[in-house]
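> Here it is: the structure, laid out below.
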Amino acid sequence: LLRIIFPLNATALRKEALGCLKKGDGAQTWSQAKTLLQKSIKRDPTYLPSYLSLVALQLYQEEDHEGALETIREAKAKNPAACKNNKDMRNLELDAVAMSSNLGHMVLAGSFASPHLGGVYKPAKTPKSPAY
């Protein structure tokens with residue numbers, strides 16, 4: 001009832017999503033977190049941390065490279081100034097492009113995905129280097 005009268009803001013929704021991720025691992029947990037992040041973005045389309053967390057989740061857990069790129073495009077359209085100088089957004093975009101081009105072995109995931117997934121990032125699988 002309180003959430004109906006006083007709905008959570010974007011920051012609180014993201015915090016709740018990260019809390020879900022810390023509680024467990026698995027498809028249902030990731031799905032709940034994704035829904036909360038999407039609600040957070042809908043509540044405040046300019047709140048960059050929600051986009052970063054959603055992109056990290058799409059990219060490193062769901063391995064949805066095209067979805068991650070679409071979310072990045074949406075973030076850039078809604079808040080171009082914040083995205084322009086954001087190192088993590090740039091790195092996530094580079095990873096998404098590399099992974100969608102079958103260059104997953106070039107991905108830097110461990111260096112910045114964890115903070116955006118609440119410090120609970122666990123790679124779905126380790127990218128393999130191509131045989132030369």
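The values are calculated or read from the model by the stated rules, or taken from the named source; none is laboratory data. Everything numeric in this text was worked out from a predicted model, so none of it was measured. Heads up, the Cβs are rebuilt from the backbone with ideal geometry, glycines too, and the neighbour counts pull from every protein chain shown. The protein model used for the area step is the full one, side chains on, heavy atoms only, and it has no ligands, DNA or RNA in it. Shrake-Rupley method; radii C 1.70, N 1.55, O 1.52, S 1.80 Å.
> By a straight-distance test (C-alpha under 16 Å), which aspartates and glutamates pair with LYS15 as possible cross-link partners, with residues fewer than eight away in the same chain excluded?
The qualifying aspartates and glutamates are ASP44.
> Under unit Cβ charges (Lys, Arg +1; Asp, Glu -1), what dipole magnitude, rounded to 20 debye, does region 33-89 have relative to its Cα centre?
Rounded to the nearest 20 debye, it is 360 debye.
> In addition: Kindly state, to the nearest 0.05, the FRET efficiency for SER101 paired with SER31, given R0 = 30 Å and r defined as their beta-carbon distance.
0.65
> Can you check what the net charge comes to around CYS83, using other residues whose Cβ is under 13 Å from the Cβ of CYS83 (Lys, Arg +1; Asp, Glu -1)? Don't skip to the answer; put the middle values down first.
Numbers: positive: ARG73, LYS76, LYS78, LYS84, LYS87, ARG90; negative: GLU74, ASP88, GLU93.
So the environment of CYS83 carries a net charge of +3.
> Here is a follow-up. Determine the share of region 26-104's accessible area contributed by carbon and sulfur atoms, expressed in whole percent, with a 1.4 angstrom probe.
After summing per-atom areas, the C and S share lands at 49 percent.
> Output the pairs from LYS39/LYS76; LYS34/LYS78; LYS23/LYS76; LYS23/LYS78; LYS42/LYS78 with a Cα-Cα distance over 22 Å in this structure; if there are none, say none.
LYS23/LYS76; LYS23/LYS78
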